[in-house]
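Notes to accompany the following structure.
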Amino acid sequence: MKEQIFFPARELEVAASADVVVTGGGTAGIAAAVAAARNGAETLLLEQSGCCGGMASRGLLPSIICMTDGKEVLANGICREFVERVTDDMKLAETNYRWQNIHPESVKRIADRMLAEAGVKVVYETVVTDCAVENGTIRALRCFAPRGNFAVAGRVFIDCTGDANLAALAGVPFEYGDEKGNVMAPTLCVTYDNVKYPDDRCNGLGRREWNEAAKKNSLPVNEHHFVGFFRNGDTCGAGNLGHIYGTDVLDLFSRSRAWPEGRALALRYHEFFRDNVPGFETSRLASSADMLGVRESRRIAGEYRMTADDYFARRHFEDDIGSFAYPVDIHASGDDAEKQAAVEKKIVEVAYGPGENYGIPYRALLPKNTVNLLVAGRCISTDRAMQSSVRVVPGCMITGEAAGTAAALALAQNRSLRALDIRALQKKLAARGAVIPGIA
């Protein structure tokens, strides 16, 4: 048995309180907080770093993809507004709703503006370490910041941490990875500058050269699912260049080993680009991300569990809060070359046709054994296949906006989250552009 140490309990000052408290300032958290505030709720957002945006900012994510099903934009509302404002800040002529490359500084600026305009109070450099729960109701969060430990009280809480950290602290059951507990390998994204782009190509640079090297058995690392590099400025861009295989993202030591391995891989990928990809001969590795690109961790147990069957049936629900269409996209966990190479082939096989989509039910945002908690983002209630679809930014922002709107509406109606008037919620979301069959 491992040694255990018990720390004495202590009373904490309630340093802040709000109607709605959102934990996690990634894209799901931005959407949740802005939606709650715009719908009249006093809203507090707790973010562990010094900026919002999550993978789209700190994580150096190159692109926001698949806002559309090929016929109409599904990620309307806050997601569309956010991406359009980011592209405007980047001085781009238009937004590509299928595949829009982004710059992290534009993401940070637009997140700051949208949160401030909505009246959201953001508390940075704050980590939630515990919560006080009574009969399924969260009363307050135990937080830590440079000032020390303190409490934050609220009426409704929304977990947008990506890892379902608050839900886990509140005792919500969850699933993790495949049947053996393996999760999709994370990535440490990078940025390059001083790139001399040879033509108008913007997406997936380096893929052709990498695949040629694979055929010659001359790869610098064992990576057979190479995503590539994406232009986001005149001489700069971001790379989603590989995977840190064998990482258990909930294990303290495994996750800690991933960081230096990711930085070492970043150098090897850059050397490959300098030696093999036209225009990158004098490029520089400007930065590696200060947020690990985790694709999969906890999946909460909710009132409804979305499954692969829902995906393949293109299923919609009476309590839809939006529609989505990104394919099932399960990245490999380990360094098996065949499994890595099979990922993109599978995506093509299962991808929807133009105009096809599935619904996301409100119940998937409602964690079991709780009263005043909602969950949004990649950790909502799904099986592994469906999680791999809904986990990308537009899916996170669709669920985030729905959670924030639901929280504010429940408070305004003086109803519990489970007794919420679903039609009223759907009409509010549809008025902002959510695609919900039967709701005008």
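Filtering SER333, SER287, SER256, SER323 for residues that are polar (S, T, N, Q) and in a helix (DSSP H, G or I) leaves a single hit, SER256.
So which residues in region 298-339 are buried (at least 18 other Cβ atoms within 10 Å of the Cβ) and small (Gly, Ala, Ser), if there are any at all? Matches in region 298-339: GLY302, GLY322, SER323, ALA325, ALA332, SER333.
Please work out if THR235 is of a type in the set (S, T, N, Q) and under 30 Å from ALA385 (Cα atoms). Judged against the criteria, THR235 is not a match.
Check region 86-106 and report whether any residue there is of a type in the set (Lys, Arg) and part of a loop (DSSP other than H, G, I, E, B). Yes, region 86-106 contains a residue that is of a type in the set (Lys, Arg) and part of a loop (DSSP other than H, G, I, E, B). No other residue among VAL127, VAL122 is assigned by TED's automatic domain parsing to the domain that holds VAL392 and touching a helix residue (DSSP H, G or I) at 6+ places or on another chain (Cβ under 6 Å) apart from VAL122.
If you go through region 278-292 and keep only what is surrounded by fewer than 20 Cβ atoms within 10 Å (Cβ to Cβ) and touching a strand residue (DSSP E or B) at 6+ places or on another chain (Cβ under 7 Å), you end up with ARG284, LEU285, ALA286, SER287, SER288.
Residues in region 153-186 that are surrounded by 19 or more Cβ atoms within 10 Å (Cβ to Cβ) and of a type in the set (Ser, Thr, Tyr): THR161 alone. Would you confirm whether any residue within region 16-25 is under 30 Å from PHE229 (Cβ atoms) and buried (at least 24 other Cβ atoms within 10 Å of the Cβ)? For region 16-25, residues under 30 Å from PHE229 (Cβ atoms) and buried (at least 24 other Cβ atoms within 10 Å of the Cβ): present.
Would you check if there is a residue in region 344-363 being in a loop (DSSP other than H, G, I, E, B), under 19 Å from the mean Cα position of the chain (by Cα), closer than 29 Å to HIS224 by Cβ and of a type in the set (Gly, Ala, Ser)? Within region 344-363 (the criterion being in a loop (DSSP other than H, G, I, E, B), under 19 Å from the mean Cα position of the chain (by Cα), closer than 29 Å to HIS224 by Cβ and of a type in the set (Gly, Ala, Ser)), the answer is no, since none of the residues qualifies. Taken over region 93-113, the criterion of being crowded, with 17+ Cβ neighbours inside 10 Å, within 18 Å of GLY237 (Cβ to Cβ) and of a type outside the set (Ser, Thr, Tyr) is satisfied by ASN96, GLN100, ASN101, ILE102, HIS103, PRO104, VAL107, LYS108. Taken across region 204-213, residues that are of a type in the set (A, V, I, L, M, F, W, C), crowded, with 17+ Cβ neighbours inside 10 Å and closer than 17 Å to PRO62 by Cα do occur, with at least one present. Of all residues in region 217-233, those that are within 19 Å of GLY246 (Cα to Cα) have Cβ atoms under 9 Å from Cβ atoms of residues that are part of a strand (DSSP E or B) and β-branched (Val, Ile, Thr), 6 or more apart or on another chain, in VAL227/THR187. So which residues in region 140-152 are surrounded by 15 or more Cβ atoms within 10 Å (Cβ to Cβ) and either outside any strand (DSSP E or B) or out of contact with any Phe, Trp or Tyr (no Cβ under 9 Å at 6 or more places or on another chain) (or both), if there are any at all? The answer is ALA140, ALA151, VAL152. Evaluated against (1) over 19 Å from the mean Cα position of the chain (by Cα); (2) assigned by TED's automatic domain parsing to the domain that holds VAL371, ALA213 falls short on exactly one condition, (2).
Quick grid of which residues meet (1) over 20 Å from the mean Cα position of the chain (by Cα); (2) within 22 Å of ILE65 (Cα to Cα):
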site	(1), (2)
PRO186	no, yes
ASP193	yes, no
PRO198	yes, no
PRO220	yes, no
HIS224	yes, yes
PHE230	no, yes
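Beta carbons closer than 7 Å, at least 6 apart along the sequence or on distinct chains, pair a first residue in region 258-280 that is within 17 Å of SER218 (Cα to Cα) with a second that is of a type in the set (Asp, Glu) and surrounded by 15 or more Cβ atoms within 10 Å (Cβ to Cβ) for ASN276/GLU209; VAL277/GLU209. Restricting attention to region 36-61, the residues being surrounded by fewer than 24 Cβ atoms within 10 Å (Cβ to Cβ) and either more than 20 Å from the chain's Cα centre (by Cα) or outside the structural domain of VAL156 (by TED's automatic domain parsing) (or both) number 4. Does LEU61 count as in contact (Cβ under 8 Å) with a residue 60 or more places away in the chain and under 16 Å from CYS202 (Cβ atoms)? Yes; evaluated as a whole, the condition is true for this residue. Go through region 120-136 and count every residue that is farther than 15 Å from ALA31 by Cβ and either assigned to a loop (DSSP other than H, G, I, E, B) or of a type in the set (S, T, N, Q) (or both). Qualifying residue count for the region: 6.
Quick grid of which residues meet (1) at pLDDT 95 or above; (2) small (Gly, Ala, Ser); (3) in contact with a helix residue (DSSP H, G or I) (Cβ under 9 Å, 6 or more places away or on another chain):
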site: PRO354; (1), (2), (3): yes, no, no
site: TYR358; (1), (2), (3): yes, no, yes
site: LEU374; (1), (2), (3): yes, no, yes
site: SER389; (1), (2), (3): yes, yes, yes
site: PRO394; (1), (2), (3): yes, no, yes
site: MET397; (1), (2), (3): yes, no, yes
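Evaluated against (1) surrounded by fewer than 18 Cβ atoms within 10 Å (Cβ to Cβ); (2) assigned to a loop (DSSP other than H, G, I, E, B); (3) in the same structural domain as ASP275 (by TED's automatic domain parsing), ASP248 falls short on exactly one condition, (1).
The values are calculated or read from the model by the stated rules, or taken from the named source; none is laboratory data. The shown structure was predicted, so the numbers you read here are calculated from the model rather than taken from an experiment. Neighbour counts run over all protein chains shown; Cβ positions are idealised from the backbone, glycine included.
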